[in-house]
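Please treat every number below as a calculation from the coordinates, not as lab data. Here the structure is a predicted model, which is why all the values come from computation and not from measurement. For neighbour counting, all protein chains shown are included, and Cβ atoms are generated from backbone atoms with ideal geometry for every residue, glycine included.
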């Protein structure tokens, strides 16, 4: 028996026949969602319990087997993809999908890492509570992956990102020990907040197997609207105006350009334009209220009516029903897929101080247009928290594959501009493989040294998701 066969046999003995993915089926787990990275794993396993994950990690430590944790595999930066050596073990947590507990009075829910985000939302709803994390991929992404990349989504403005929604974790460490930090406490000042090390670490420090999340009362009324604005500057003015009038009721404030809407309507003919005529930019606004739907609608009508009278917005459409509200959100959520249908594009997931978003767009658009005449900017994102998906598409009729050769040059323009505006090159997608080398340009030496020290302390053998982040 070869060394590889011996290792696979030992792995199979831990997870059993149901937990070992057949070699012929492993390709689906060996590439990222965008098919930009393709690896070759030693094996793909789906453990059914924390005990099995711990046993796998003890074996990996003893045999010096590199491990790639994986959830729904919907990441955009290659963070859950093995290399091509055939020596890295993928531990996919999709079978660990139980809702362990819901404490409605404490407003907490304990989930295993393989629970899909949609299932988590449904479990909270069944208990009369709201789990507010929401992403376009929520039907297939899993909460372990959301934790691993500190996912943001559409409700950050009111509820915070995944980090803010997390109270406790259960983590299998690289040596196979299990840290049980599943505490549903809002206040716990007993030393270092260890859970923060693993949230956003992309599986480089340990494997998150379960988490305690915050829940919230279900809003009794919601209102959704799409409004037209002349520019991102006007959108920022509208944001400040809406925050002053709506305060904590403001849940979503999403910006997208006319080109974004044009692409969605082109590739999704069932979608309809929300407003008559063409407008330079659009903002999707959603509010939630403890009162009924009529109260929320009246509040939105009053706010938008005053904004229209003052010339802050050019037009507005208020959803007349829950179905129309979902139609409005579909326009926003289909932008990424519509752009993919259009062809290759160069994507950026950046964050900036909210006050500087408009200036960043204006200056960076001009710099890219000067360097690459004719490109099309597909810019959209969560304006309320400063997160832009700042994507660059080739000129009409251009060779998309040839345009992709400009990725490094365009990334340099965009990310240098982000740095000048005191922003971040990754807002909610993580670093993975795709931004690993760029991290050294935008993090200080001291920051990188501290990160490496933490990595060395928790993973001295370097077996946790090597080649990612650092």
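Brief remarks on what is shown
- Residues 194, 312, 93, arranged from fewest to most other Cβ atoms within 10 angstrom of their Cβ, appear as 194, 312, 93.
- Dividing the helix sum by the residues of the chain, where each DSSP H run of 4 or more adds -39500 (n - 2.57), gives a mean residue ellipticity at 222 nm of -11000 deg cm²/dmol.
- Among 459, 292, the ranking by other beta carbons within 10 Å of each residue's beta carbon, starting with the fewest, stands as 292, 459.
- The simple Förster model, with R0 at 51 Å and r as the Cβ-Cβ distance, assigns residue 419 and residue 190 a FRET efficiency of 0.90.
- Residue 278/residue 179 FRET efficiency (R0 41 Å; Cβ-Cβ; nearest 0.05): 0.15
- Region 115-130 versus region 43-113: alpha-carbon centroid distance in Å: 21 Å
- Residue order, fewest to most beta carbons within 10 Å, for 390, 267: 267, 390
- Gyration tensor (alpha-carbon) shape descriptor, region 104-172, a/c threshold 1.5: rounded
- What the pair-distance distribution of region 166-265 shows, using all Cα-Cα distances binned every 10 Å from zero, is 12, 27, 19, 26, 16, 1 percent.
- Tensor-based shape of region 221-336 (alpha-carbon gyration tensor, a/c under 1.5 rounded, otherwise prolate or oblate): oblate
- Relative contact order of the chain, taken over Cα pairs closer than 8 Å and 6 or more residues apart, is 15 percent.
- Taking 0.36 nm per residue of separation and subtracting the current Cα-Cα distance, fully stretching the chain between residue 231 and residue 85 would add 47.7 nm.
- For the pair region 233-253 / region 152-202, the C-alpha centres are spaced 29 Å from each other.
- Shape of region 1-120, Cα gyration tensor, a/c cut at 1.5: oblate
- Residue 216/residue 440 FRET efficiency (R0 51 Å; Cβ-Cβ; nearest 0.05): 0.85
- Mean projected area of the Cα convex hull of region 99-217, taken over all directions, amounts to 7.0 nm².
- Axis angle, to the nearest 10 degrees, between helix 357-371 and the longest C-alpha principal axis of the chain: 80 degrees.
- Normalised by the number of residues in region 146-191, the average gap of Cα pairs under 8 Å and 6 or more apart makes the relative contact order 25 percent.
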